[in-house]
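**Student:** The structure's right below; bear with me while I get my questions together.
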Amino acid sequence: MKKYILICCSSIVAFTAFYACKHEIPVGAIDPTPTPIPGSTGRPCSPDSVYFANQILPMINSGCAMSGCHDNITHKEGVTLTSYATIMRHVVPGNANASKLYTVLLQTGNNRMPPPPNAGFTPVQISLVQKWINQGAKNNACDMCDTADFKYSTAIKPLMQNKCQGCHNPASLGGNIDLSTYAATKAVAVNGKLYGSINWATGFSPMPKGMPKMAACEITQVKKWIDAGSPNN
């Protein structure tokens, strides 16, 4: 086993046969039915807890489990990070510092996950992974989404970071779309591509690519933000 096995993609983009995210998966290959979060119905979220289905899995799917990286087909370096079972192979419950999933996020250079030129996880995201592991790395979920909140700072930006930016950032412009900044996200909102893609409308590439459709609540948040003029609030 290599010292740092959890690398998302080759950092030498010019010499790889694919970019971090490939966007040619046919619509028919994806189940159009959103996957329900198990055990979340009627379960309120605790501000003191981190939830795997709501917070951890979307981050890993976006930043690591893309085509060409740690998805079920590619499983780069023999690592697959698409489900609770596969992710737990690299986690020591209750001990983040002994968990490869966490420690590679703290590395520098090519040892970091995701490796340069891809952006690394933000300090907030890294902290969530650490806290989730130290809380026992539970396969938990809750009703986190609130359609009354559709501000960019509290709803839209976190949604883009956790479910979209792994494939849509300056180092990996899947579909030639950037969702890493407010200005870039607003541009895609204004031209209709953002809502059309996450709502899996006819004529649009369904997003997140190769993953379940976003929850109806999340799609509603985005739609409300767009209808309000996509403000930077």
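The values are calculated or read from the model by the stated rules, or taken from the named source; none is laboratory data. Keep in mind it's a predicted model, so treat the numbers as computed, not measured. Positions of Cβ are generated from backbone atoms using ideal geometry, with glycine treated the same way; all protein chains shown enter the neighbour counts.
**Student:** Which ones in the range 188-233 are among the hydroxyl-bearing types (Ser, Thr, Tyr), buried (at least 19 other Cβ atoms within 10 Å of the Cβ) and part of a loop (DSSP other than H, G, I, E, B)?
**Tutor:** Ser230
**Student:** Separate question: Can you confirm whether the range 141-149 contains a residue that is farther than 30 Å from Asp48 by Cα, at pLDDT below 95 and in a loop (DSSP other than H, G, I, E, B)?
**Tutor:** No, there is no match, as no residue in the range 141-149 is farther than 30 Å from Asp48 by Cα, at pLDDT below 95 and in a loop (DSSP other than H, G, I, E, B).
**Student:** Could you say whether any residue in the range 158-171 is touching a His at 6+ places or on another chain (Cβ under 9 Å), part of a loop (DSSP other than H, G, I, E, B) and either closer than 20 Å to Asp146 by Cβ or of a type outside the set (Lys, Arg) (or both)?
**Tutor:** Yes: the range 158-171 contains one or more residues that are touching a His at 6+ places or on another chain (Cβ under 9 Å), part of a loop (DSSP other than H, G, I, E, B) and either closer than 20 Å to Asp146 by Cβ or of a type outside the set (Lys, Arg) (or both).
**Student:** Regarding Leu194, is this residue closer than 25 Å to Pro116 by Cα and outside the structural domain of Asn97 (by TED's automatic domain parsing)?
**Tutor:** When the stated conditions are applied, Leu194 does not pass them.
**Student:** Working only within the range 70-110, note down all residues that are at pLDDT 90 or above, among the polar types (S, T, N, Q) and either part of a helix (DSSP H, G or I) or loosely packed, with under 12 Cβ neighbours inside 10 Å (or both).
**Tutor:** Hits for the range 70-110 are Asn97, Thr103.
**Student:** Considering only residues of the range 169-179 that are crowded, with 18+ Cβ neighbours inside 10 Å and modelled with pLDDT of 85 or more, which is nearest to Ala228 (Cα to Cα)?
**Tutor:** Leu179
**Student:** For the range 134-154, state whether one or more residues are on the phi > 0 side of the Ramachandran plot and out of contact with any Pro (no Cβ under 8 Å at 6 or more places or on another chain).
**Tutor:** no
**Student:** Here's a follow-up. Which ones in the range 175-187 are within 14 Å of Ile198 (Cβ to Cβ) and either of a type in the set (Phe, Trp, Tyr) or in a helix (DSSP H, G or I) (or both)?
**Tutor:** Result: Gly175, Thr185.
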